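What follows is calculated from the coordinates using simple rules that are stated; it is not laboratory data. Being a predicted model, the structure only gives us computed values, none of them experimental. Reconstructed Cβ throughout: ideal geometry from the backbone, glycine too, with neighbour counts over all protein chains shown.
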Amino acid sequence: MKQLVKITLLFFALGLLMTSCGEATDAANKTAEAVTKGADKAKDKMKDAMASALKVGDKAEDFSLKNVNGDMVSLSGMEDVKGYIVTFTCNTCPYAVDYEDRLIDLHKKYAPMGYPVVAINPNDPEVKEGDSYSAMQVRAEEKSFPFEYVFDDGQKIYPKYGATKTPHVFILDKELTVKYIGAIDDNHEDANLVKVKYVENAISSLEAGNDPSPSTTKAIGCSIKKKKKMM
């Protein structure tokens with residue numbers, strides 16, 4: 001009788017163990033499935049972003065953004081232009097800071113030729129406080145920016161261009177057709193060691209009636225800081 005009880009208890013324990021293992025397996029499978037779905041959604045979003053990003057030959061969208069003086073700025077509102085050196089940049093990224101003086105020089109050299117620099121800060125100030133509108137005003141005054149420095153409030157413009165870094169340059173012609181996308185030059189650390197000036201070469205090509213070559217390069221800089229969406 002005692003032996004029978006022991007056997008019964010053993011089978012009961014085995015049954016509980018199998019049930020527990022089954023539930024654990026189901027939970028693990030559900031977790032794995034959720035992770036896979038999350039990864040798939042992230043991939044889909046990335047694909048959508050890449051699909052909507054501007055490419056050379058596309059027409060860029062105009063915008064109306066507030067500059068550091070409180071005025072609204074649009075590309076179409078600028079006079080006597082042949083094109084635009086639209087640059088997504090910010091106050092805080094070390095790469096962007098390295099290029100500040102070079103952007104100033106680019107504007108001083110090419111704005112009189114009809115190619116002004118238009119600098120857009122795409123960062124969310126709630127993520128990066130140093131890139132707030134008021135901080136932009138301070139930085140613009142400190143550096144005496146001669147170009148328009150505007151704030152992408154609500155981060156509505158940079159996704160339409162497909163900008164991913166600060167700095168990230170888009171050279172447009174007068175009709176807002178994209179002619180070049182990428183880096184300013186090939187050495188962010190030291191302007192004296194630059195071997196290839198991508199932006200300058202691109203504008204020289206346009207002035208000569210040719211398409212820039214290369215027309216795209218890899219933008220080197222900090223990732224644009226965007227607000228994380230609540231789940």
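Backbone amide hydrogens, once placed in the peptide plane, bring PHE63 within less than 5 Å of LEU75, SER76, excluding anything fewer than 5 places away on its chain.
Amide H to amide H distances under 5 Å link THR177 with ALA60, where only residues 5 or more positions off or on other chains count and H is placed in the peptide plane. For the residue pairs LYS195/LYS226; LYS108/LYS225; LYS82/LYS227; LYS55/LYS128; LYS82/LYS228; LYS143/LYS226, the C-alpha atoms sit more than 31 angstrom apart in LYS195/LYS226; LYS82/LYS227; LYS82/LYS228. For the stretch 144-150, backbone phi angles converted through the Karplus equation (6.51, -1.76, 1.60; θ = phi - 60°) give residue-by-residue couplings of 6, 4, x, 9, 6, 10, 10 Hz, Gly and Pro being listed as x. Backbone phi angles across the stretch 116-121, fed through the Karplus curve with coefficients 6.51, -1.76 and 1.60 (θ = phi - 60°), yield HN-Hα couplings of x, 7, 10, 9, 10, 8 Hz in residue order; Gly and Pro are listed as x. Could you give each residue of the stretch 182-194 its phi-based ³J(HN,Hα) in whole Hz, using Karplus coefficients 6.51, -1.76, 1.60 with θ = phi - 60°, and x for Gly or Pro? After applying 6.51 cos²θ - 1.76 cosθ + 1.60, I find x, 8, 6, 7, 9, 8, 6, 6, 8, 4, 6, 9, 5 Hz. Protection proxy ranking of 193-203, 55-65, by the mean of other Cβ atoms within 10 Å over each peptide's residues and highest first, is 193-203, 55-65. Is the shape of the stretch 75-114 best called rounded, prolate or oblate, per the rule: a/c under 1.5 gives rounded, else a/b larger than b/c gives prolate, else oblate, with a ≥ b ≥ c the square roots of the Cα gyration tensor eigenvalues? Oblate shape, in that a/c is at least 1.5 and b/c is the bigger or equal ratio.
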